[in-house]
Structures are given as structure tokens and as C-alpha cells.
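Derivation of every value follows stated rules applied to the coordinates shown; laboratory data play no part. In this text the structure is predicted, and so the values were computed from the model without any measurement. Don't worry about glycine lacking a Cβ; one is built from the backbone with ideal geometry, like all the others, and counts go over all protein chains shown.
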Amino acid sequence: MENKELIRLALEARERAYVPYSHYQVGAALLAKNGMVYQGCNIENAAYTPTNCAERTAFFKAVSEGEREFEAIAIVGGYAGAPTGYAYPCGVCRQVMMEFCDPKSFRVITAVSEEAYLEKTLEEMLPHGFGPSDLNGG
């Protein structure tokens, strides 16, 4: 799947964000290695800590459906209207990505549109990350 299509799906997911407090809408589209795409949006809560990011929503949907191998994620975010800046995943989302993705090959695409995007590997986004291989001797 091309980056532009993944970004389009993230933009679509962004429209479903539940953000009555911050009004900052984020959408994510997670590409599994088998070609399936799982969309996620951010879901806020008045208590704040139960809030869930778009990236984790997409991962948790995929994992709950039995998916374990992933290729890329596209992320878009911004206030009402079109995204105006790049929305990078928070530290908790990066850690979730470390749990399920190869940091050297998993692609993180942050975008403001289908034409304007940046792509990095998870390793570039989370250098020296702590993952499952650290718990079983390397």
C-alpha cells in the first residue's frame, strides 16, 4: 500500500475522534504485513488518564483481532479543519510500537496531507528503545 492511501485512511479516522476537551483530533492508519489496515482515533476522557491516543487505538484493535505483524502507521493530527502540523506519537505510543514492531523496518509516517508527509523508522523515533528482546537475553 502506498503512503498516500495510508494517509488518506488516517485522515478519515481523524474525523471520528472524540475530543470534547482539547479539540485536537488525531487519526491513525496501521498497516499489517498481511495488507489489512486498522484505523484509530484519539478518544478523550474527562479524567484525562483514561484518554487513548489514535495510534494505540489502532494497535489495540489490530491486536485484539489477532494481528501481530506490522509494516507502517500513518498519523495525522490537528484542530478542527485540516491538519496544520506534523503529529508525532507520544512516548507511550512509541513504547506500544516497540512491543509489536521491528524498530529497524517499521515505518512511522506523520502527515499534514497526502502530499506533505515525513517518514522515519521506529528506531529513528525511539533510539535505544526497550522491547521484548531486552527481556529474553537480547
Just to confirm the number: angle between the C-alpha axis of helix 54-64 and the first principal axis of the chain, 0 to 90 degrees, nearest 10? 50 degrees
Segment 42-122: projected area of the alpha-carbon convex hull, averaged over directions, in nm²: 6.0 nm²
Scan segment 75-138 for trypsin sites (Lys or Arg not before Pro) in coil per DSSP, keeping those whose Cβ has at most 15 other Cβ atoms within 10 Å, and list them by number. K104
Counting only other residues whose beta carbon sits under 15 Å from that of R68, what net charge do I get with K and R as +1, D and E as -1? -4
For segment 29-108, the dipole about the Cα centre with charges only on Cβ (Lys and Arg +1, Asp and Glu -1), to the nearest 20 debye, works out at 120 debye
Over 28 Å apart: what share of the alpha carbon pairs of the chain falls there, rounded to a whole percent? 13 percent
So what is the calculated 222 nm ellipticity per residue for the chain, using -39500 (n - 2.57) for each DSSP H run with n of 4 or more, over all residues, to the nearest 500 deg cm²/dmol? -7500 deg cm²/dmol
What residue among I43, I75, I109 shows peak mean-square fluctuation when the chain is described by a Gaussian network model with Cα springs under 10 Å? I43
With DSSP loop assignment and no more than 14 other C-beta atoms within 10 Å, the trypsin sites (Lys or Arg not before Pro) in segment 1-62 are K33
Return the loop-located chymotrypsin sites (Phe, Trp or Tyr not before Pro) in segment 55-138 (DSSP other than H, G, I, E, B) with at most 11 other Cβ atoms within 10 Å of their own Cβ; answer none if there are none. F130
Please tell me the relative contact order of the chain in percent, rounded to the nearest whole number, where contacts are Cα pairs under 8 Å and at least six residues apart. 21 percent
Give, rounded to the nearest 20 debye, the magnitude of the charge dipole that the chain has about its Cα centre when Lys and Arg contribute +1 at Cβ and Asp and Glu contribute -1 at Cβ. 200 debye
Which Cα, out of G129, N45, A116, lies furthest along the positive dipole direction of the chain (beta carbon charges, K/R +1, D/E -1)? N45
Rounding to the nearest 10 and keeping the result within 0 to 90°, find how far the Cα-based axis of helix 3-14 lies from the longest principal axis of the chain. 60 degrees
Return one number: the angle in degrees, 0 to 90 and rounded to the nearest 10, between the long axis of the Cα atoms of helix 91-100 and the longest principal axis of the Cα atoms of the chain. 50 degrees
Of A58, A29, A80, the one that fluctuates the most in a GNM where the chain has Cα springs shorter than 10 Å: A80
